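As structure tokens, the structure follows; a few thoughts come after it.
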Amino acid sequence: MTTSSYYVPDSSRWPILASIGLILLAAGGGGMLNHMSAGGHGMTLPHFAFYAGALCMSYVLFRWFSNVISESMAGMYSLQMDRSFRWSMCWFIFSEVMFFAAFFGALFYVRQFAVPWLGGEGDKGVAHLLWPDFVPTWPLFNNPAGTDLPGPNQIIDPWHLPLLNTVLLISSSVTITFAHHALRAMQRGRTIFWLAFTIILGATFVYYQILEYVEAYGELGLTLDSGIYGSTFFMLTGFHGVHVTLGAFILFIMWLRICRGHFTPDQHFGFEAAAWYWHFVDMVWIGLFIFVYIL
Amino acid sequence: MLTRFRRCLISAMMMVLSPAIYAAWELNMPQGVTEVSQSVYDLHMLILWICVGIGVIVFGVMFYSIIRHRKSRGVKAAQFHESLSLELLWTAIPTVILIAMAVPATTTLINMYDPSDADIDIKITGYQWKWQYEYMGENVSFFSNLTTSDRQIHNQDEKGSNYLLEVDNRLVIPTGKKIRFLLTSNDVIHAWWVPALAVKKDAIPGYINESWTQIESPGIYRGQCTELCGVDHGFMPIVVEVVSPQDYQVWLDAQRSAAQAQSAAAQQDWSYDQLMARGEQVYASQCSACHGANGEGLGSVFPALKDSPVATTGSVERHIDIILNGVSGTAMQAFMAQLSSVDVAAVTTYERNAWGNNTGDVITPQQIVDAKQ
Amino acid sequence: MTTVTAHHDDHVHHGPAKGLMRWVLTTNHKDIGTMYLWFSFAMLLTGGCMALIIRTELFQPGLQLIEPEFFNQMTTMHGLIMVFGAIMPAFVGLANWMVPLMVGAPDMALPRMNNWSFWILPFAFGMMLLTLFSEAGAPNFGWTFYAPLSTTYAPSSVTFFILAVHMLGLSSIMGAINIVVTILNLRAPGMTLMKMPLFVWTWLITAYLLIAVMPVLAGVVTMMLMDIHFGTSFFNAAGGGDPVLFQHIFWFFGHPEVYIMILPAFGIVSQIIPVFARKPLFGYTSMVYATTSIAFLSFIVWAHHMFTVGMPLAAELFFMYATMLIAIPTGVKVFNWVATMFRGSMTFETPMLFSIAFVFLFTIGGFSGLMLSIVPADFQYHDTYFVVAHFHYVLVPGALFGILAGVYFWLPKWTGYYYNESLGKWHFWTSFIGVNITFFPMHFVGLAGMPRRVPDYALQFADFNAIASAGAYIFGFAQLIFLVLVIKAICGGKKASSSVWEGAEGLEWSIPSPAPYHTFSEPPVVK
Ligand code: HEA
Ligand code: HEA
Ligand code: CUA
Ligand SMILES: [Cu+2]
């Protein structure tokens, strides 16, 4: 065994199991959605498939990552391998950027074009003939369909919870950098502290986000089916929220690993990848705060 | 399956024998009957010939090499593999050619995009699978449906010369007037295309697209829906009839008096048999596309009406309501605007009594007039 | 033998494991490449059978074989399967096989993920195909699935379709990341970027396009899912959305997607022509720059698919000009290929025949593409068979011929045997004739006014449709010859030397034929 040459793993059963898990999730999930939209209730076969898929997927991911971690701990990964991981993570984050870009694009399009056109402004303002009573505004409180499709009564005030959340996330980006510095200086105790701090900030963010949703649904009438404002609002903040949750979970795994003595000052790519991801999620939030909440 | 094969065979024979199939070959874009369509045609020919020209040169050199520079002729390969000046040259020449194409394309487009100063506005609405034409300010509005019979489509009758391109109510417009079309849709995206006018525009639900035409020569011009819009996308043709301005006025007046006659008919008494006969016709032309010729429905999306609770045990009011107002968010559209009260009464009666539904209910036109209020 | 193995049980692998599990569990790039290629061929036959059903129905006017509802399902599934099931996986399979060999890498950068990328596909397509047998029927809204036909008015199978697209996207993104990283990080010492074979270059750029646009597709199908099941209004004007928004996002993915299906073919042809012309590729550097420009431009031309949706004039003009520009870098490539052939010493083995046909017929498809980009003319062409003719010319004798050329070119390296050259010539000539008989007449019916996606048509289109249908059968038959040829080549034949072709140069030709299970465990050095 040499560590200088590139590591090629032996055959593995995780990929095929992951594919099976995925198809169970998809086929089961699809069946569940169709059942739900047809007004059905209760457990059906698709539900079982979906949960079996979720179980299978969690098991596989857990084992697959443990596999990778033990290979890494056994020193089987060369510097070149480390570079591969870095490149992969960068490109993965780029793909996530493009995923959010699609939603931001939709938001800009409806604000710049669709809503004004429906209200009689701009190049295609004749559309107003179809919606004579519609007045375009943003945030959109009254939809073109009027009372058939009621809009929100009110929207989230950016200067309360969202502002707090912005502060939380930005500080968490700072604290994770403290953790990184500490790790590089081999101060394990401080690393554990700052990382835990970061995770708590993230969790608090998610908590407030949930509070905000409860308020939106309960009091403001701001829902997924309250027209395009609600659609873009929940799509963007919702997918962001999912990413924060996932990021916090990954950080938590990293925290566990650090507690168990993993990582060295110059070999800790797992941690760095998690940190990159966290910064990315943070950047998305700043975009959201500006374009979804404030403007 | 067997019948299907037999049908296939019979139709194959009929096709070979039928003279219609030997109609003139159409190879190129029609020149059309408007100034715009002529300039589009010219543009098309220009770019076509430019491409042919470039093709002749490029493929000429390629086939020359293929024929002359082959190993079997004992040629030894040259070794050159770079030339900056060549690369620059064959970047620059196409650029110039493209600019030469872009100029006439731009002027034509700007002209096509100017619907201002129109004499007549017509609102065109796409429905699954028919067109509605509304002469704005004239109080004239009607639907236009395919009239080619199901028997022709299924090769049981010989196909007529305007197979699939014939409708019950044509869009009638006068010569020499600039006509603005306002296109929209009631359900999915359709596209309104008449090649001879070089007008093709999408009809998008909730939005309006503008387009225009001006035709000098009377005649009949045919086109089709050109955006996939569901099962019968291939069966929603467009027929435009261009007439002199005088004939156009006569036609408009006739349309208006026909509408009056219809509302008068709603006041009359209709017998069960009359309603059933009329209902059968309405059903065949309006409803059978989705609900099947014998009310058996189609797949899981389009419900059967035969033995359906709505058309048997359910209340008459609800049945009428569905037909008049549709079921929102589904393909079941509101027929209030499309059918006269008599037609709705007839089709409701028909659905409640045909195919063994035998409820015995008779719905009068007056009931529909009331329901509309 | 320095390749280390994963588990602590100390056996070192010299060759593949035995039995079926070899294929299921493998992390070997050659095995995975082979699976991709067979899978894509199976999909080509499946999608091809659907095309034959379409062509049979269109043989004559009137409805003979199938009803309109099923016809729409066939059109949709044919498009989806060919694009996502046949062409894309075939290119990924070729990349899996050849990129590590060409850059001197021991395997792909992330071998286990590589296996996962592949094994997602059969499941995803299985789910999509099974909807054909569901009560609601398969997706019937075209491979471009425009809202609201694909949302409010869709059969319930649309949910499974959306989730299948998510799976395909995941597979493509992981596959693309793997390829990018292999190229960027695993090149042999001395192989600078500007020394890389062009197939590697085009795949690098293709993978970049994939990572950039597959997530956008995922985004738009997610919005569909929300509109269908959770009451959002993205594509619904009544709530302030816009059906055209769907098209913008879809084509932001869709146009780069069509270049994803052609750039690797450009690369393959650029490998092949110099070998059989016995002359170095003309203008290597300009080829690289041209490919890069095409990729860049592909992001700013998407709305040329939407000229008739009624965009404002300025947008129409912008997208027209941007689209026309693509003719320039593509032209540079075509001219370079021709210049490579010029004054070469050519022989015409099957890979070369397919490459020449590629240059010839792809360019014809490119010309019709250019015509489509001229907005006023596109008003007449749009959604007619002229468009169908255009894209089959760039996809069938374009992408597919590129793939076939590559398979012939590299088959001896994979199997260790030469394929049967006369069968190859039969395959080529029947394909070449068949493809032109099928798709050339479509230009005429399109110009004469036949819309696409219709199960029945007016009588004046009958003759050319009959001809096209006959051509489709010839072309389909040709692919059976290919199947026989490949099987024969696997079973035996004339032994191939390590360089296989006279005039072949590069790392992939320095190793024995068939390529050993593990190659370049120690990186070679490129001078
Ligand atoms: C491999 C796939 C592929 C490729 C490479 C291309 C290449 C091109 N395509 Fe095509 N296209 C498709 C696949 C592809 N297309 C598909 C699948 C559709 C339909 C989708 C659907 O609706 O279902 C489509 C549809 C489509 C449309 C929409 C038509 C419509 O629906 O109305 C347009 C419009 O502009 C277009 C344009 C072009 C152009 C300008 C190129 C250019 O890249 C071509 C450039 C090449 C050349 C021009 C030839 C070589 C150049 C020279 C020899 C130099 C000199 C030449 C000149 C100066 C003229 N394509
Ligand atoms: C990506 C690649 C690709 C490829 C390779 C093909 C290949 C073919 N396509 Fe393709 N086609 C598309 C992509 C492709 N297509 C797309 C994207 C659409 C648009 C869909 C939409 O509108 O939504 C489309 C639409 C489309 C239409 C228009 C449908 C419509 O508008 O309603 C037609 C019609 O003729 C057609 C025909 C064919 C034919 C005859 C082939 C042939 O080349 C196929 C040849 C292959 C075989 C025939 C299979 C191999 C042989 C066997 C299995 C053995 C059995 C054979 C015999 C016994 C003879 N295609
Ligand atoms: Cu209406 Cu197609
Ligand atoms: Cu395109």
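The values are calculated or read from the model by the stated rules, or taken from the named source; none is laboratory data. Please read these numbers as outputs of a predicted model, since none were measured by experiment. A quick note on method: Cβ atoms are made from the backbone with ideal geometry, for glycine too, and the neighbour counts reach across all protein chains shown. SASA here: full protein model, heavy atoms, side chains in, ligands and nucleic acids out. Shrake-Rupley method; radii C 1.70, N 1.55, O 1.52, S 1.80 Å.
Tabulated data
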{"read-out": "Residue under evaluation C:THR192, criteria (1) more than 14 Å from every other protein chain (Cβ to nearest Cβ); (2) under 15 Å from the mean Cα position of the chain (by Cα), criterion not met", "value": "(2)"}
{"read-out": "Residues of region C:125-143 satisfying the condition of being within 23 Å of C:PHE41 (Cα to Cα) and either surrounded by fewer than 18 Cβ atoms within 10 Å (Cβ to Cβ) or of a type in the set (D, E, K, R) (or both)", "value": "C:GLY126, C:LEU129, C:LEU130, C:LEU132, C:PHE133, C:TRP143"}
{"read-out": "Test: C:PHE432 is of a type outside the set (Val, Ile, Thr), assigned to a helix (DSSP H, G or I) and over 22 Å from the mean Cα position of the chain (by Cα)", "value": "no"}
{"read-out": "Residue satisfying all of: in region A:254-281; surrounded by fewer than 21 Cβ atoms within 10 Å (Cβ to Cβ) and within 17 Å of the chain's Cα centre (by Cα); farthest from A:THR166 (Cα to Cα) among these", "value": "A:ALA273"}
{"read-out": "Residues (more than 7 Å from every other protein chain (Cβ to nearest Cβ) and away from ligand 1 (no atom under 16 Å from the Cβ)) located in region C:144-160", "value": "C:THR151, C:ALA154, C:SER157, C:VAL158"}
{"read-out": "Residues satisfying the stated conditions in region C:421-465, i.e. free of Cβ contacts under 8 Å to residues at least 24 places away in the same chain and within 14 Å of another protein chain (Cβ to nearest Cβ)", "value": "C:PHE444, C:ALA448, C:VAL454, C:GLN460, C:ASP463, C:PHE464"}
{"read-out": "Unmet requirement for B:PHE335, which otherwise passes all of (1) open to solvent by 30 Å² or more (accessible area, probe 1.4 Å); (2) more than 20 Å from B:ASN357 (Cα to Cα); (3) modelled with pLDDT of 85 or more", "value": "(1)"}
{"read-out": "Qualifying positions in region A:224-253 - farther than 25 Å from C:ASP227 by Cα and open to solvent by 10 Å² or more (accessible area, probe 1.4 Å)", "value": "A:ALA248, A:PHE249, A:ILE250, A:PHE252, A:ILE253"}
{"read-out": "Residue within region B:81-98 that is facing another protein chain (nearest Cβ under 9 Å), open to solvent by 70 Å² or more (accessible area, probe 1.4 Å), acidic (Asp, Glu) and away from ligand 4 (no atom under 16 Å from the Cβ) present", "value": "yes"}
{"read-out": "Qualifying residue in region A:109-117 (condition: aliphatic (A, V, I, L, M) and surrounded by fewer than 18 Cβ atoms within 10 Å (Cβ to Cβ))", "value": "no"}
{"read-out": "Tally, over region B:68-79, of residues that are surrounded by 14 or more Cβ atoms within 10 Å (Cβ to Cβ) and either modelled with pLDDT under 90 or more than 9 Å from chain C (Cβ to nearest Cβ) (or both)", "value": "3"}
{"read-out": "Residue satisfying all of: in region C:435-462; of a type in the set (Gly, Ala, Ser) and outside any loop (DSSP other than H, G, I, E, B); nearest to ligand 2 (Cβ to nearest atom) among these", "value": "C:GLY446"}
{"read-out": "Residues within region C:60-83 that are in contact (Cβ under 8 Å) with a residue 24 or more places away in the chain, open to solvent by 10 Å² or more (accessible area, probe 1.4 Å) and within 19 Å of C:ALA468 (Cβ to Cβ), tallied", "value": "6"}
{"read-out": "Some residue of region A:140-159 being aromatic (Phe, Trp, Tyr), more than 30 Å from A:ALA273 (Cβ to Cβ), open to solvent by less than 20 Å² (accessible area, probe 1.4 Å) and within 14 Å of chain C (Cβ to nearest Cβ)", "value": "no"}
{"read-out": "Any hit, region B:309-323, residues being crowded, with 19+ Cβ neighbours inside 10 Å and closer than 23 Å to B:ASP232 by Cβ", "value": "yes"}
{"read-out": "Candidate set: region A:198-223, residues that are within 27 Å of C:PHE235 (Cα to Cα) and of a type in the set (Val, Ile, Thr); chosen: the one least open to solvent (accessible area, probe 1.4 Å)", "value": "A:THR223"}
{"read-out": "Members of region B:199-220 that are open to solvent by 10 Å² or more (accessible area, probe 1.4 Å) and more than 11 Å from chain C (Cβ to nearest Cβ)", "value": "B:TRP212, B:GLN214, B:GLU216, B:SER217, B:PRO218, B:GLY219, B:ILE220"}
{"read-out": "Counted residues, region C:299-319 - those being in a helix (DSSP H, G or I), open to solvent by less than 10 Å² (accessible area, probe 1.4 Å) and either within 16 Å of ligand 2 (Cβ to nearest atom) or more than 10 Å from chain B (Cβ to nearest Cβ) (or both)", "value": "2"}
{"read-out": "Residue match in region C:100-107 (condition: of a type in the set (Asp, Glu), open to solvent by 10 Å² or more (accessible area, probe 1.4 Å) and within 14 Å of chain A (Cβ to nearest Cβ))", "value": "no"}
{"read-out": "Unique residue being closer than 27 Å to A:ARG111 by Cβ and away from every other protein chain (no Cβ under 14 Å) when the list is A:TYR208, A:TYR229, A:TYR217", "value": "A:TYR208"}
{"read-out": "Members of region C:238-281 that are at positive phi and either within 14 Å of chain A (Cβ to nearest Cβ) or open to solvent by less than 10 Å² (accessible area, probe 1.4 Å) (or both)", "value": "C:GLY240"}
{"read-out": "Flag for C:ALA42 being over 17 Å from B:VAL231 (Cβ atoms), within 16 Å of ligand 1 (Cβ to nearest atom) and not acidic (Asp, Glu)", "value": "no"}
